[in-house]
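Peer 1: I have a structure here, written as structure tokens, and I will follow up with some questions on it.
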Amino acid sequence: MKSYMANPAAIERKWYVVDAADYTLGRLASQVAAILRGKNKPTFTPFLDCGDNVIVVNAAKLRVTGRKLEQKIYYHHSEYVGGMKETTLRQMKAKKPERVVELAVKGMLPKGPLGKQMYRKLHVYAGPDHEQAAQKPEALKLSV
């Protein structure tokens, strides 16, 4: 008996819309990352990008538990000496709520060129409207 291996020509991609309102950040991100990888399909192949496109709306209405709003810190560096900047989750959620979801999902994808290819299929919006209506995305209800 031979094992099935998907090839790039045989992969069919769907579009899904996920409403992030009242979901917990980590639980939402892990399930979205699994869909982007294609782990929900029976034809999953680890070394190929066989996942679907995901649109996340209402990113500003995500929940976090505990004291993460004050304690979780995002770092970035300007490449100059002493250029380390830090931002708390509360500040990031106020300024760029879609970036919070993007960073959480990106950390759960594989590192390298394959992960970057999967990350490009993620579209996050702070509000309820999105620009991918022409793709006719299906509404997806995630398990909590």
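Read-outs: derived from the displayed coordinates by stated rules, not from any lab. As the structure is a computational prediction, the values presented were derived from the model and not from experiment. Cβ sites come from the backbone with ideal geometry, for glycine too, and all protein chains shown count toward neighbours.
Peer 1: I want to check the label-to-label distance for ALA139 and ARG99. Put each point 7 Å from Cα in the C-beta direction and report it in nm to one decimal.
Peer 2: For the pair ALA139/ARG99, the computed spacing is 3.1 nm.
Peer 1: Further question: Each residue of region 4-14 in turn: what ³J(HN,Hα) in whole Hz from Karplus with 6.51, -1.76, 1.60 and θ = phi - 60°, glycine and Pro shown as x?
Peer 2: 7, 10, 6, 10, x, 6, 8, 7, 10, 10, 10
Peer 1: Based on the Cβ-Cβ distance of SER3 and LYS39, what FRET efficiency does E = 1/(1 + (r/R0)^6) give at R0 = 22 Å, to the nearest 0.05? All intermediate terms of the calculation are to be shown ahead of the outcome.
Peer 2: Values: r = 17 Å, r/R0 = 0.77.
Efficiency computed from Cβ-Cβ geometry: 0.85.
Peer 1: Which FRET efficiency value, to the nearest 0.05, is calculated for GLU79 and LEU114 with the Förster distance at 35 angstrom and r the Cβ-Cβ distance?
Peer 2: 0.85
Peer 1: How much of the calculated P(r) for region 34-83 lies past 13 Å, in percent of all Cα pairs? Before the final figure, lay out each step's value.
Peer 2: Working: 907 of 1225 pairs.
Counting pairs separated by more than 13 Å, the tail of P(r) holds 74 percent.
Peer 1: While we're on this one: Which loop-located chymotrypsin sites (Phe, Trp or Tyr not before Pro) does region 76-131 contain, where loop means any DSSP state but H, G, I, E or B and the Cβ has at most 11 other Cβ atoms within 10 Å?
Peer 2: Those satisfying the criteria are TYR80.
Peer 1: Kirkwood hydrodynamic radius of region 33-144 from all distinct Cα pairs, in Å?
Peer 2: Numbers: mean 1/r = 0.0630 Å⁻¹.
Roughly 15.9 Å, rounded to one decimal.
Peer 1: Could you calculate the FRET efficiency of ASP22 with LYS121 from 1/(1 + (r/R0)^6), where r is the beta carbon distance between them and R0 is 41 Å, rounded to 0.05?
Peer 2: With a Förster radius of 41 Å, E is 0.95.
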